[in-house]
Amino acid sequence: MTRQERSDDEIFNTPQKRYIRHEIWAKYAIKRKEKDDLDFIKYLTFPALGCYDVKILNDLELLETKEIEGITTYGSVGFCEKDPHKFALIQQKLPGARYCQGTYEDIVGACGEELPIRAQRWFPFDVINLDFTSPLFSSDRNKITNAIKRTFNIQKLKSKSFTLFLTLPALRSADTEDGKNRLDDILKNNLAKPNMEEFKRIFFEKYPFIDINNRIYEQLEYIEFLLISIPKMIVSMGTRENFDIICNERFSYIGDHYDGRKNGTYMVKFVFECEYIGSVDGFSLPHPVDYLAEKYPQRIIEFFNRNFIDINQFFESNGELKTKYCSLEY
């Protein structure tokens with residue numbers, strides 16, 4: 001293993017990340033395959049040098065692969081990587097995969113007016129793993145937020161339901177004030193809506209100390225604020241594009257190095273099932289706007305009532321699981 005590969009492994013192959021890959025991503029990838037009655041899933045990922053998530057899904061026979069002259073090709077995988085050297089190494093490991101040498105934000109045209117033709121040809125996917133290393137709201141024109149919106153745009157264009165894995169660093173200082181205020185406004189708007197009275201009641205039962213006249217993100221731990229507000233943003237995004245969004249899982253963790261040191265950045269992770277609501281003939285299903293307007297309050301309450309999991313704490317309470325993922329080798 002080269003120095004670069006070791007460095008990449010320390011960041012992207014922590015015990016906490018292994019747990020997510022094996023216990024969570026694999027489970028929901030299987031669920032998507034079964035739900036849509038697929039022979040295999042089309043999978044989009046930012047795999048890092050180890051390509052561990054692709055290996056796990058392939059071992060579970062979820063991907064379309066072929067053996068060509070003794071080489072396994074990955075016809076149902078797409079990946080993005082902006083670093084030229086890493087890109088070349090990943091391409092060697094995933095022959096036959098669709099690829100973009102650049103960022104995901106670039107390929108979906110996050111800051112453009114129109115969907116790039118290349119992105120329209122690339123999509124749709126059944127499972128989309130947006131494993132970002134930059135915050136949701138950076139000073140770079142909110143590219144990540146716009147890229148997530150574009151994901152729904154393109155999947156809608158293809159009338160395709162999908163499962164979304166979303167990973168983001170939780171850095172209060174790195175998110176812009178404008179971005180934090182946008183999340184704050186989403187939360188406050190829901191608390192003020194007449195059809196969200198049940199959510200308001202549950203919210204203030206859980207957080208009776210919150211003063212709605214001040215910024216909520218300054219009154220909560222920032223990780224908890226993100227774990228509440230980001231799913232609300234994603235549900236709203238998806239609803240506008242005719243997707244019924246269920247936030248199944250919410251996690252936080254700070255990764256461990258092999259020697260037990262922490263790697264420095266808290267991460268938040270989400271699993272969303274995004275079901276496209278639409279009808280080819282316009283008659284066989286309810287009107288999407290009416291259906292989703294009815295479902296929206298329910299979807300918000302559902303995820304809010306389910307506790308998020310701090311994987312570090314979870315490991316401390318489950319020594320067997322911690323040992324398993326600390327000692328796991330690929």
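The values are calculated or read from the model by the stated rules, or taken from the named source; none is laboratory data. Keep in mind it's a predicted model, so treat the numbers as computed, not measured. Methodologically, a virtual Cβ is constructed for each residue, glycine included, from the backbone with ideal geometry; neighbour enumeration extends over all protein chains shown. Surface areas here come from the heavy atoms of the whole protein model, side chains and all, with no ligands, DNA or RNA. Shrake-Rupley method; radii C 1.70, N 1.55, O 1.52, S 1.80 Å.
Worth a mention:
- Being charged (D, E, K, R) and modelled with pLDDT of 95 or more holds for only one residue in Asp126, Asp140, and it is Asp126.
- In the set Lys35, Lys17, Lys66, only one residue is more than 20 Å from Phe270 (Cα to Cα) and among the charged types (D, E, K, R); that residue is Lys66.
- One residue stands out among those in the stretch 142-161 that are touching a Phe, Trp or Tyr at 6+ places or on another chain (Cβ under 7 Å) and assigned to a loop (DSSP other than H, G, I, E, B): the one that is least open to solvent (accessible area, probe 1.4 Å), which is Ser161.
- Among the candidates Thr167, Thr176, the residue that is within 15 Å of the chain's Cα centre (by Cα) and either crowded, with 20+ Cβ neighbours inside 10 Å or not basic (Lys, Arg) (or both) is uniquely Thr167.
- In the set Leu164, Leu168, only one residue is assigned to a strand (DSSP E or B), closer than 25 Å to Arg32 by Cβ and out of contact with any Cys (no Cβ under 7 Å at 6 or more places or on another chain); that residue is Leu168.
- Looking only at the stretch 219-256, and only at residues there that are more than 30 Å from Ser161 (Cβ to Cβ), open to solvent by less than 30 Å² (accessible area, probe 1.4 Å) and of a type outside the set (Ser, Thr, Tyr), the one that is modelled with the highest pLDDT: Leu220
- Residues (under 14 Å from the mean Cα position of the chain (by Cα) and under 20 Å from Lys200 (Cβ atoms)) located in the stretch 235-244: Val235
- Considering residues of the stretch 194-218 that are without any contact (Cβ under 8 Å) to a residue 12 or more places away in the chain and assigned to a loop (DSSP other than H, G, I, E, B) only, the residue least open to solvent (accessible area, probe 1.4 Å): Ile210
- Residues that are aromatic (Phe, Trp, Tyr) and over 20 Å from Met267 (Cα atoms), drawn from the stretch 93-144: Tyr99, Trp122, Phe123, Phe125
- Any hit, the stretch 19-30, residues being crowded, with 21+ Cβ neighbours inside 10 Å, out of contact with any Pro (no Cβ under 6 Å at 6 or more places or on another chain) and either modelled with pLDDT under 95 or in a loop (DSSP other than H, G, I, E, B) (or both): no
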